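Structure first, commentary second.
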Amino acid sequence: MTQSPTGGSHVGTTDDRSLGQIVSDVSNDFATLMKQEVELAKVELKEELTKVGTGAGMLGGAGFSGWFVLLFLSAALMFLLDNWLPIEVAALLTALVWAAVAAVLAALGRKKLKEANPELPKTQQTLKEDAQWARAQKN
């Protein structure tokens, strides 16, 4: 133990590494850190792209499915309603039903797209921490 100038005592530590070894260690640590940051960014980006892909897929599926449903069921419904109403009224009622279905599917797809966060918050936070760590290494 050594005596500090303020009168307290502390355990002295010495680093037997040369300057070259210290620089090498810091360089290796930095390289490892950068590899981990890239991997984290990949994982986060994949998660966000999955959300975007799901939302876009839902919107595309809604449009494609809506087209065929509109086509075939509309014809069937129009012919069914034609038994009680003029064909023009039957066609209008059928169109209103499918407009409501399309609106619901579009709203669900938009919601999924809004849930995506392309800013990669975890990566941003760890990069800030890495910068603080690097600054501390300089001192």
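The values are calculated or read from the model by the stated rules, or taken from the named source; none is laboratory data. Small disclaimer: the values here were computed from a predicted structure and weren't measured. All Cβ positions, glycine included, derive from the backbone under ideal geometry; neighbour counts span all protein chains shown.
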Some residue of segment 92-107 being in contact with a Ser or Thr (Cβ under 9 Å, 6 or more places away or on another chain) and small (Gly, Ala, Ser): yes
Out of 125, 137, sole residue that is touching a Phe, Trp or Tyr at 6+ places or on another chain (Cβ under 9 Å), closer than 30 Å to residue 29 by Cα and in a helix (DSSP H, G or I): 137
Scope segment 82-97; condition surrounded by 15 or more Cβ atoms within 10 Å (Cβ to Cβ) and either touching a Phe, Trp or Tyr at 6+ places or on another chain (Cβ under 7 Å) or more than 22 Å from residue 61 (Cβ to Cβ) (or both); matching residues: 90, 91
Positions within segment 41-87 being over 28 Å from the mean Cα position of the chain (by Cα) and of a type outside the set (A, V, I, L, M), in sequence order: 67, 68, 72, 74, 79, 82, 83, 84, 86
Residue count for segment 98-109, restricted to those that are at pLDDT below 90 and exposed (fewer than 13 other Cβ atoms within 10 Å of the Cβ): 2
Segment 34-63 residues that are at pLDDT below 85, paired with ones that are part of a helix (DSSP H, G or I) and surrounded by 15 or more Cβ atoms within 10 Å (Cβ to Cβ) (beta carbon under 6 Å, 6 or more apart): 41/123
Test: residue 79 is loosely packed, with under 12 Cβ neighbours inside 10 Å, among the aromatic types (Phe, Trp, Tyr) and assigned to a helix (DSSP H, G or I): no
